[in-house]
Amino acid sequence: LNWSRYLSLYQLGLGARGIGFRDSCQDVMGAVSHTHESAKKMLIKLIQMQKQNGSAMHQFNPLSMIGNEGDSLEDEDRYHFYGDDHLWLILSVCSYIKETGDLTFLEEVYPFYDKDKNGKALEASSLLEHLKRALSFTKEHTGKHGLPLLGFADWNDTVNLPKGAESIFVANLYGVALLEMIELFNYLGDQEQIDIYEKDYHHMKHLVNEHAWDGQWYIRYFDHLGNPIGSNQNEEGKIYTNAQSWTVLSGFATKDRAKLALESLKKYLNTKNGIKLSTPGYSRYEHEKGGVTSYPPGAKENGGIFLHSNPWVMIAETMLGHGNQAFEYYHQINPASKNDKINEFECEPYVYPQNILGDEHPQFGLGRNSWLSGTASWTYQAATKYILGIKPVYDGLEINPTIPSHWETFTVKKEFRGSTYIIEFKNFNHVQNGIQSITVDGIPISGLVLPVFADQKEHQVVVIMNK
């Protein structure tokens with residue numbers, strides 16, 4: 001089974017392209033609840049694309065297992081690594097373990113990608129060591145402000161700044177990865193490792209807030225000269241979506257700044273067809289910024305509605321308790337809601353396209369590149385783990401919904417570690433979040449985590465919501 005954008009109408013799967021490392025990590029996070037075995041097989045392939053220094057190959061052929069550095073080899077004044085790839089491995093592995101309880105996976109030994117002249121791996125280590133090295137690479141590769149280096153690019157492949165540029169997205173992804181590892185080591189009972197990662201987390205949180213806050217929102221990049229991108233100082237590309245959503249996801253944003261950043265995002269970036277990646281669009285090509293400036297304003301990453309980034313905003317809104325807003329964002333990109341304007345959308349009404357042309361483009365609302373996106377994985381996670389609030393954790397199932405206030409009742413069936421949970425939610429007080437009580441088979445439980453039964457039986461759960 002080979003996932004991701006390997007063979008399609010957009011990617012031929014020939015030559016060096018292969019499938020994306022970060023893409024497949026994120027696909028695993030959405031699919032693992034339904035296909036444990038396939039998810040693990042893909043993770044094992046991904047692990048072997050990580051280098052000894054902790055970074056990762058950007059793409060690889062899943063049949064030959066030959067990796068490559070993607071487009072990063074095109075310019076000598078750019079780094080030959082992507083700043084975010086390796087960190088996604090932490091999120092995907094932790095998602096798998098939380099869903100399955102397969103802690104022994106951490107002890108399994110896998111080779112790094114580096115090989116000798118005979119094609120033999122130079123080193124192999126436990127999966128846990130692979131995850132530690134991913135964090136170490138980011139920690140050791142920082143720029144003028146102490147923020148992580150962009151590398152050739154981060155998740156936004158089209159912003160390619162010269163060597164020395166820093167990425168606030170990578171800083172936040174690093175923060176999320178640190179939180180994941182802190183949670184894991186807390187479950188494993190390793191206080192020494194927790195102390196190290198908590199120190200690293202608070203250090204990066206301080207740097208992000210000291211250097212990247214722009215007064216109304218967070219900056220997206222610092223270029224190689226230390227100039228901000230995604231700032232009020234810029235005429236074009238003043239504000240970027242991912243700098244706002246991910247600073248909430250990482251927990252780096254203070255409560256007041258998180259609220260203001262998301263308000264700015266809604267004011268400047270939201271449209272009736274979804275949230276734009278940035279605004280205003282770049283009006284001319286600039287080599288030092290890279291491919292983002294090669295598209296017309298409103299297209300693709302240049303102010304287009306890049307759908308992959310929309311569910312991250314949904315999740316951020318739930319983290320602030322805003323169920324109404326999160327569901328509004330969910331609904332406005334739902335392809336099933338496009339049936340009455342299919343002549344404008346021009347994509348299948350049952351699949352997310354990669355992007356929709358933004359409101360700076362004359363064809364605003366036109367969907368492009370259907371099937372080619374990680375949107376489905378992340379929107380599924382936003383809907384199930386954050387809006388419905390059913391999230392696997394190491395101890396069991398955490399129940400913490402953030403929903404539209406008009407929802408009075410809904411029921412969810414969840415298969416989890418050998419048992420079936422029928423979870424009935426009652427929200428007669430019309431709140432967006434907050435739990436009054438939880439009972440399992442008629443017995444009240446304390447806290448928000450349902451126990452693991454693994455008894456092949458069906459368990460009835462009743463959740464009463466209230467502030």
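Observations on the structure shown:
- Cubic angstrom per residue, convex hull over Cα atoms of segment 290-354: 103 Å³
- Segment 130-158 versus segment 187-202: alpha-carbon centroid distance in Å: 20 Å
- Residue separation of Lys272 and Glu210 scaled by 0.36 nm, minus their Cα-Cα distance, works out to 18.9 nm of gained length.
- Positive-end residue, the chain charge dipole about Cα centroid, Cβ charges, pick of Ile403, Val248, Phe428: Phe428
- Low-density loop cleavage sites - GluC sites (Glu not before Pro) in segment 61-126, where at most 15 other Cβ are within 10 Å (DSSP): Glu74, Glu76, Glu108, Glu123
- Taking every protein chain into account, the 1.4 Å probe leaves Asp71 with about 80 Å² of accessible area, to the nearest ten.
- Distance (nanometres) between label positions extended 7 Å along Cα→Cβ at Gln332 and Ile445: 3.6 nm
- Label-point separation in nm, Ser38 to Ile464, each point 7 Å along Cα→Cβ: 4.1 nm
- In this structure, the pairs whose alpha-carbon distance is over 27 Å, taken from Lys45/Lys115; Lys40/Lys117; Lys238/Lys338; Lys51/Lys98; Lys144/Lys385, are Lys40/Lys117; Lys238/Lys338; Lys144/Lys385.
- Computed with a 1.4 Å probe over protein heavy atoms only, the accessible surface of segment 83-213 comes to 37 Å² per residue.
- Given the chain, longest segment not containing exposed loop chymotrypsin sites (Phe, Trp or Tyr not before Pro) (DSSP; at most 13 other Cβ within 10 Å): 11-284
- Per-residue extension of 0.36 nm, minus the Cα-Cα distance of Glu183 and Asn232, leaves a gain of 14.0 nm for this segment.
- Cα-based equivalent ellipsoid, segment 348-467: semi-axes from gyration tensor eigenvalues, Å: 35, 18, 11
- Loop-located GluC sites (Glu not before Pro) in segment 261-361 (DSSP state not H, G, I, E or B) with no more than 16 neighbouring Cβ atoms inside 10 Å: Glu286, Glu288, Glu346.
- Of all DSSP beta bridges confined to the chain, the antiparallel ones make up roughly 90%.
- Around the amide H of Glu398, modelled in the peptide plane, lie the amide H atoms of Lys391, Val393, Leu450, all under 5 Å away and 5 or more residues distant in sequence or on another chain.
- Using a Förster distance of 51 Å, the FRET efficiency for Lys457-Tyr285 (Cβ separation, nearest 0.05): 0.25
- Secondary-structure-derived ellipticity at 222 nm for the chain, considering helices only, amounts to -10000 deg cm²/dmol, per-run term -39500 (n - 2.57) for DSSP H runs with n ≥ 4.
- Rounded Å value of the spacing that divides the Cα centres of segment 278-299 and segment 401-444: 45 Å
- Cβ-based charge dipole, the chain, positive-most Cα from Gln193, Asn234, His361: His361
- Cα-based Rg and Dmax for the chain, where Dmax is the largest Cα-Cα distance (Å): 21.7, 68
The values are calculated or read from the model by the stated rules, or taken from the named source; none is laboratory data. Bear in mind that the values here come from a model prediction, so they are computed numbers and not experimental data. Don't worry about glycine lacking a Cβ; one is built from the backbone with ideal geometry, like all the others, and counts go over all protein chains shown. Accessible surface is based on the protein model in full, side chains and every heavy atom, while ligands, DNA and RNA are left aside. Shrake-Rupley method; radii C 1.70, N 1.55, O 1.52, S 1.80 Å.
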